[in-house]
Every structure is written in C-alpha cells, then in structure tokens.
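Input: a single structure, listed below in structure tokens.
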Amino acid sequence: MKIFDLHSDILYDLYKHYPKVKERFCEYHLPRLKISPVRGGIWALYSPNDFALPEAVEKALSGIDRNALEDFDLVFGLEGLRNLQIEDFDRLYDLGFRHASLTWNEENIYATGVRGPKSRGLTSLGKKLLSKMVEHEMIIDLSHLNEKSFDDVLDYTNKNIIFSHGNIREICNHPRNLSRRQLLRLKEADGLLGLSLVRYFISAKPEEQNVNTFLSHLDAAVEIMGIDNLAFGFDFMDYFNDENSNLDEIPDSTRLGVLLDALKQKGYSDEDIEKISYRNFYDRFHHLIWR
C-alpha cells in the first residue's frame, strides 16, 4: 500500500543544509524514501523566523535529483508566509509551488496563527493572496491558523482546502488540533484532514502517545467527517534534532508498515486504507503533482 504524506518538512531541511544540499538529499533523504511506503507528499519549506524566502526556496530545490524521484508524486509547498512578499508570488509559482498555509504559528500580514491574538483573523492582504491562490488552483492549507482565521478563510473560499497535519481536539486538547465544529466546517468545504503522528497532537500523556491512541483519533475523524475526507499528514521530525517528536513505534517514514498493519487489525478494509493513504488526495489534486 503506497502512502501520500500531506506534510513533510524536507524542503526546509534541505535549505538548512545549504550548501551541502545535494549531499543531504542523496545521502540522507533518498535512501529512506526508497525503503518507505511513502510514494508521494507535500514537501514544505516552513518559516519559523525571518529570511529571504525566494532565495531559500531556490537553495532547497537545488538539492533535489529529479531523476531519482521519477516514481514519486511530489507537490512543493510553503508552511507559513511570514517571509512572502506578495509580489514574489508569481516567481514561486513558476518554481513549482502549488500549496501554502498562510501562517506557521505566528500572526503575520496575511492571517493569524494559533499563538496570535484570538480576536485577530484573516487580513485584507490575506484575502488578496487567497484570491491569487484560487486563481492559480493552489492548495489552501488551514494548518496552524487560529480559529478566527480558520473561519475567515472558509467564509472567503472553500476551494482546494486541506488541513494537512493535526488531530482531534476532543481526544487531545492541543491548540494545533481541530474541534468538532471545525472538523464539520472542513467537511462542508470537502476539505481533507491529514492526521498526524506528532506525539503531542496524539496525547498530553506520555503513556498514551502510541499507535492505539492515534487510531482513536482516526476513528473519531471517520465518525465526524467520513472516510472520504481523511488523509495522512505525518509531520516526521526525525531529521531535525535528537528528540523524537513522533511516536516511538513510528519514529520515521520507514516504520509506517506498523501503522498499515494496525489499520488492518482494527478492521479497516483495503479500500478504506487506500482512500486515506493516497486516493482521497489524488482524486482531488492529481493535476497539481510536480512533473
């Protein structure tokens, strides 16, 4: 069973390893990809601080061997736009970017993240940017937005909506997870929820940070949204630091067979697993895959 991962920070990792970006891709990421069931993904460059975004993007892309990814379905994305000047939009689009989330956790000129003021939402410039994204048929990612910005975006457009990485707030009360109300709004927009293997999105209790609890999130998401609006957005962070921010059972993409086996043991059919693993994304966004 192949998997499309709605959220990977590989582009940011490549940027951070510049100028040894080709070595990082060929010696670290590529060998793991070849033994992982992940056969596609949104590779994002995120902006936790200030830097020149177009230059960072070009540095990250310079390390990718296109020939080595012939059988890999790739979408380039931006996680947070604090560093985007709107006049650079076309330049980034021409480089192949087809996805963006408006914020990381911060407030910026476009919208407000989960660490920003609760009363502040989407800005007028954010609406202008959304219009450009809709015009270019880009994927609009609601991850990291505070609730007001989340609602403001869906009030403005329901075109090509995803929430790439997060879980169910009723099970784990983390600000990056979604409430039932938000999940229903996401379903109403026919958006995709990418369920995440970040341990802190699964449970605040270390003893519950495991695959079984993750499956509780999946079961709840199916009950609220239905199988056709679900996907995986793992957010693996094994390559960033020594601390494992993902599950001990699935610390990186090479161990995803554990999850696929658990889904079968839970009683999910091959058709359901196929939908969550890749079909739901492909049915909506296959035309945006990098060629």
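The values are calculated or read from the model by the stated rules, or taken from the named source; none is laboratory data. Computed from a prediction, not measured in an experiment: that's the story for all the values here. Heads up, the Cβs are rebuilt from the backbone with ideal geometry, glycines too, and the neighbour counts pull from every protein chain shown.
Just a few scattered comments:
- In the range 39-54, the condition of being touching a residue at least 60 places away in the same chain (Cβ under 8 Å), more than 14 Å from L69 (Cβ to Cβ) and surrounded by fewer than 24 Cβ atoms within 10 Å (Cβ to Cβ) is met by no residue.
- Filter pass, I3 being within 14 Å of the chain's Cα centre (by Cα) and closer than 21 Å to D238 by Cα: yes
- So S131, is it part of a helix (DSSP H, G or I) and of a type in the set (S, T, N, Q): yes
- The range 76-102: number of residues that are of a type in the set (G, A, S) and closer than 17 Å to V153 by Cα: 3
- Among the conditions (1) in contact with a Leu (Cβ under 8 Å, 6 or more places away or on another chain); (2) over 24 Å from F25 (Cβ atoms), D228 misses just one, which is (1).
- Only a single criterion out of (1) touching a helix residue (DSSP H, G or I) at 6+ places or on another chain (Cβ under 9 Å); (2) at pLDDT 95 or above; (3) of a type in the set (A, V, I, L, M); (4) surrounded by fewer than 19 Cβ atoms within 10 Å (Cβ to Cβ) is not satisfied by A100, namely (4).
- Scanning the range 146-174 for residues that are over 24 Å from W290 (Cβ atoms), touching a strand residue (DSSP E or B) at 6+ places or on another chain (Cβ under 6 Å) and not in a loop (DSSP other than H, G, I, E, B) yields one hit, S149.
- If you filter the range 36-71 down to residues that are under 17 Å from S277 (Cα atoms) and modelled with pLDDT of 95 or more, you find that the one that is nearest to the chain's Cα centre (by Cα) is I42.
- Test: residue in the range 138-160 that is surrounded by fewer than 22 Cβ atoms within 10 Å (Cβ to Cβ), among the small types (G, A, S) and over 21 Å from D88 (Cβ atoms): no
- When residues of the range 175-201 are limited to those that are touching a strand residue (DSSP E or B) at 6+ places or on another chain (Cβ under 9 Å) and part of a loop (DSSP other than H, G, I, E, B), the one farthest from L6 (Cα to Cα): S179
- Residue identified as out of contact with any Lys or Arg (no Cβ under 6 Å at 6 or more places or on another chain), buried (at least 16 other Cβ atoms within 10 Å of the Cβ) and either of a type in the set (K, R) or at pLDDT 95 or above (or both) among L288, L259: L259
- Looking at K118, K34, just one residue is basic (K, R) and farther than 20 Å from L142 by Cβ, and that residue is K34.
- Within the range 116-145, the set of residues being among the hydroxyl-bearing types (S, T, Y) and out of contact with any strand residue (DSSP E or B) (no Cβ under 8 Å at 6 or more places or on another chain) comprises S119, T123, S124, S131.
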